[in-house]
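Asks: Structure provided below as structure tokens; questions to follow.
The values are calculated or read from the model by the stated rules, or taken from the named source; none is laboratory data. What you see is a predicted model, and the numbers here were worked out from it, not measured in a lab. All Cβ positions, glycine included, derive from the backbone under ideal geometry; neighbour counts span all protein chains shown.
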Ligand SMILES: [Ca+2]
Ligand SMILES: [Ca+2]
């Protein structure tokens, strides 16, 4: 009975050792000794220790080749550092230069038992070490405080020590308002790159969130030496919400082909960021002849309208004149009134069936400018309808010629975000037939 049990244990032990050897081949890992100890505590321990021996903390350390030329030409650019750990350890790899200074490639990294390899390209802390003769050291500190080291010589030649530079790195303006009002909607980032390198640029928010910024397509391709430009609108033009209002770090990081790294930073502030949203309330327009109150306008008479606009978004929307209440003759338009299109401004427009010219030739501000919020931007005054605010807009057009060869013509309203868009729900709003008597 005793003998049978011992045989059984020996078989189990053999199976385990075979499995361990397979595993260490397959995964290049050394099985934890403690697991085996637990299994073998029944009495076969001395046999096992004789069979396997004590595993050293650090062993089979090799660095190859002994000379590297880290210049990204594909020849001997890196040295492979290989080592094995028999136990968990804190591991360091460093180079000692001829002046005795230590350059840490890895410092006190926690490592499980196993086989490791890592390529060393001559770069420590983002900078290429200069040409010279170095001593490499691989050092393991076990959990019991045991220190084991291996060392050898490494020669560095033809090292590319030229750092990538982001010359003239600039961020402008320092405060931007990504809200499509045509004022400071974008931020421009520029730099001159002195050598080929991968460059990433991003905003970092106060909470650490990163917002990557895409490079503008230009003749100089990303990563090539030359002048690079980034033009960022917070994503608003593609219908996204911009990063939240606040202060950001603008960080640009360049890494060249051998691993030299340069980081530059600046700051930027986002204010009043967001997608502008506004509509004509209930999509309702009240058209009428102010003389009679009905929808019949004799030639030479006047068509008037009233409607309400609401800013239902999170950001102020900008508007421009002429004021609500302004009277047009039908042969006039917003240009002849001296109020040209203003990119990013919102205005109410009236259009009609058979209009041969520019859409919405008659336009009005979202209320009276002197009743709106005035803001000074770059020395000029601009006018805003604030989030949640409504404005009643009125206007009138004297019909001095026949718009179409019909006596009943459709008129409608629109809410125009000039040189940005007219949302479908703000276009062709509440068309109504007006009888033109002639
Ligand atoms: Ca090389
Ligand atoms: Ca803006």
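Asks: Restricting to the range 185-204, what's the tally of residues that are without any contact (Cβ under 8 Å) to a residue 60 or more places away in the chain, surrounded by fewer than 16 Cβ atoms within 10 Å (Cβ to Cβ) and assigned to a loop (DSSP other than H, G, I, E, B)?
Replies: Of the residues in that region, 0 qualify.
Asks: Looking at the range 344-365, which of the residues that are within 16 Å of residue 415 (Cβ to Cβ) and touching a residue at least 60 places away in the same chain (Cβ under 8 Å) is surrounded by the most Cβ atoms within 10 Å (Cβ to Cβ)?
Replies: Per the criteria, the residue is 348.
Asks: If you check every pair at least six apart or on different chains, which have Cβ atoms under 9 Å apart with a residue in the range 161-184 that is under 28 Å from residue 225 (Cα atoms) first and a residue that is within 16 Å of ligand 1 (Cβ to nearest atom) and part of a strand (DSSP E or B) second?
Replies: 161/128; 162/128; 162/256; 163/128; 163/256; 164/256
Asks: Among the listed residues 77, 73, 119, identify the single one that is on the phi < 0 side of the Ramachandran plot, in a strand (DSSP E or B) and within 16 Å of ligand 1 (Cβ to nearest atom).
Replies: 119
Asks: Now for a separate question. Return the only residue of 126, 152 being more than 16 Å from ligand 2 (Cβ to nearest atom) and within 40 Å of the chain's Cα centre (by Cα).
Replies: Only one candidate qualifies: 126.
Asks: Follow-up. Among the residues of the range 382-419, what is the count of those that are in a loop (DSSP other than H, G, I, E, B) and either under 12 Å from residue 297 (Cβ atoms) or modelled with pLDDT of 95 or more (or both)?
Replies: The number of residues fulfilling the criteria is 11.
Asks: For residue 237, only one of the following conditions fails: (1) touching a residue at least 40 places away in the same chain (Cβ under 8 Å); (2) in contact with a strand residue (DSSP E or B) (Cβ under 8 Å, 6 or more places away or on another chain). What is its number?
Replies: For residue 237, the failing item is (2).
Asks: What tally of residues in the range 154-169 results from selecting those that are assigned to a loop (DSSP other than H, G, I, E, B), touching a strand residue (DSSP E or B) at 6+ places or on another chain (Cβ under 7 Å) and either more than 16 Å from ligand 1 (Cβ to nearest atom) or closer than 30 Å to residue 266 by Cβ (or both)?
Replies: Qualifying residue count for the region: 5.
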